[in-house]
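Read-outs: derived from the displayed coordinates by stated rules, not from any lab. Owing to the predicted nature of the structure, the values given are computational and were not obtained by experimental measurement. So basically every Cβ, Gly included, is an ideal-geometry build from the backbone, and we count neighbours across all protein chains shown.
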Amino acid sequence: MYTESQYEEFEKRMVEAYPKMFAEPYGGFAVGPGWWPILETLCGQIQHHIDWKNKKTMIVPQVNVAQIKEKFGGLRFYYDGGDEYISGLVSMAESWAACSCETCGTPGERREGGWIRTLCDTHETERQSTIKERFEDKDLQKSILEVMQGEAE
Ligand SMILES: [Zn+2]
């Protein structure tokens, strides 16, 4: 896991390094730290391509990040602007994330069962034992039931 200050540090570093990409509201980096290096590399490659292409005249529209999130165990990087090359970079980053543990970044795979996640063996085992603990927690089950009944009323 990671602490709030580690997250803040990462976000600050990204926004400072790529201010043009994060000029619009984008909702933060809603993915685990295992994917942060992928995002850092992706943003670096994108901005480098834009700056290089636009040296003399504006050819490639500036990329504005709209949202970064995890969906069905995969990385989703939504943005405006860019060109075909950048769209290829984003596909590459999403494919890379699809085989990297979202928690630690080591090789991982898609894990079914409840919330679909991309995880390595270690973090999948950890997740399964947490799920098992929660399932066996009678007090928690009782309170979940109470909440569900409360909502049904
Ligand atoms: Zn892992």
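Of all residue pairs spaced 6 or more apart or on separate chains, those with beta-carbon atoms under 6 Å, a first member in region 90-111 that is closer than 21 Å to residue 78 by Cα and a second member that is within 13 Å of the ligand (Cβ to nearest atom) and hydrophobic (A, V, I, L, M, F, W, C) are 97/35; 101/119; 101/120; 102/35. Assess whether residue 59 counts as being loosely packed, with under 13 Cβ neighbours inside 10 Å, touching a helix residue (DSSP H, G or I) at 6+ places or on another chain (Cβ under 8 Å), aliphatic (A, V, I, L, M) and without any contact (Cβ under 8 Å) to a residue 60 or more places away in the chain. It is true that residue 59 is loosely packed, with under 13 Cβ neighbours inside 10 Å, touching a helix residue (DSSP H, G or I) at 6+ places or on another chain (Cβ under 8 Å), aliphatic (A, V, I, L, M) and without any contact (Cβ under 8 Å) to a residue 60 or more places away in the chain. If only residues of region 22-65 that are aliphatic (A, V, I, L, M) and assigned to a loop (DSSP other than H, G, I, E, B) are counted, the one that is farthest from residue 83 (Cα to Cα) is 31. Determine if region 123-130 includes at least one residue that is within 16 Å of the ligand (Cβ to nearest atom), of a type in the set (Val, Ile, Thr) and under 23 Å from the mean Cα position of the chain (by Cα). Looking for residues that are within 16 Å of the ligand (Cβ to nearest atom), of a type in the set (Val, Ile, Thr) and under 23 Å from the mean Cα position of the chain (by Cα), one finds at least one in region 123-130, hence yes.
Among residues of region 96-121 being under 17 Å from residue 41 (Cβ atoms) and surrounded by fewer than 13 Cβ atoms within 10 Å (Cβ to Cβ), the one that is farthest from the ligand (Cβ to nearest atom) is 99.
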